[in-house]
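Please read the structure below before turning to the comments.
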Amino acid sequence: MAEYHQFCGLARALDLIGDRWNLLIVRELLIAERRHSELRSALPGVATNLLAERLQTLVTAGIVARREESGRKAVSYSLTPRGAELREPVLGLVRWGAATMSAGPRPDDAVQPQWVLLALEALLPSSGLEAEGTIHLRADGMDAAIHLHDGRASVSPSGPRRADALVAGPSAAILGLFARALPLAAARQRGLEIEDPAGLVRSLVS
């Protein structure tokens with residue numbers, strides 16, 4: 001890997017994670033521990049040998065941990081504590097990039113539902129909410145929940161037992177809605193089913 005040879009925190013960080021695919025590997029591992037095959041499926045366009053090379057680089061740098069599953073040939077990857085410290089920088093980049101997504105996905109863009117979870121963690125307000133309740137999310141076969149409690153919103157990767165509102169439909173439209181790039185009416189036109197009798201969804205996007 002080429003290095004910048006600059007005595008600067010940003011340059012040193014880019015020496016470790018600046019190569020193509022590295023931050024997207026980190027994105028996937030922020031969502032969950034992954035096997036090599038799961039990472040390959042989650043990163044359309046990456047060559048198998050390049051993914052293996054990038055993973056080895058991240059393991060050597062102490063950012064990713066490699067674990068051989070007992071009794072199986074499968075290998076799993078997760079973030080080390082040092083790698084997990086990238087959560088806030090990654091969430092900041094998600095917030096910064098959200099402004100570029102108002103037109104929706106381009107024809108050649110991949111869209112995967114698990115990306116919704118990390119994006120929502122970045123985009124939802126962390127304080128100042130008055131509403132209380134649970135929103136059930138259904139995005140391209142994935143069930144999740146947004147919990148509004150104690151003035152903040154948090155995301156759960158599993159569907160709720162009980163919900164006060166529902167947002168269901170294409171992942172891209174859900175991202176557009178909660179990034180405030182799509183008004184409610186436009187989100188419905190893009191295929192979202194929104195049931196919001198208590199105004200919980202509206203409180204997050206208005």
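Please treat every number below as a calculation from the coordinates, not as lab data. What you see is a predicted model, and the numbers here were worked out from it, not measured in a lab. Quick reminder, even Gly has a Cβ in these numbers, built from the backbone with ideal geometry, and neighbours come from all protein chains shown.
Things to note:
- Counting Lys and Arg as +1 and Asp and Glu as -1 over every other residue whose Cβ lies under 15 Å from the Cβ of P197, the net charge comes to -3.
- For region 133-206, the Kirkwood estimate of hydrodynamic radius, built from reciprocal distances between every pair of different alpha carbons, is 12.1 Å.
- E88-S156 FRET efficiency (beta carbon distance; Förster radius 25 Å; 0.05 resolution): 0.80
- The convex hull defined by the C-alpha atoms of the chain has an orientation-averaged projected area of 13.6 nm².
- Each of W96 and Q56 was given a label point 7 Å from its Cα along the Cα-to-Cβ line. The distance between the two points is 3.1 nm.
- Length gained on full extension, R138 to S126, computed as 0.36 nm times the residue gap minus the Cα-Cα distance: 2.1 nm.
- Point-to-point label distance, E3-A47, nm (Cα→Cβ direction, 7 Å offset): 2.6
- The chain: relative contact order in percent, alpha carbon pairs under 8 Å with at least 6 residues between: 14
- DSSP beta bridges in region 59-206 [antiparallel fraction, %, rounded to 5]: 80
- Straightening the chain between A13 and R190 buys 59.8 nm, computed as 0.36 nm per residue apart minus the Cα-Cα spacing.
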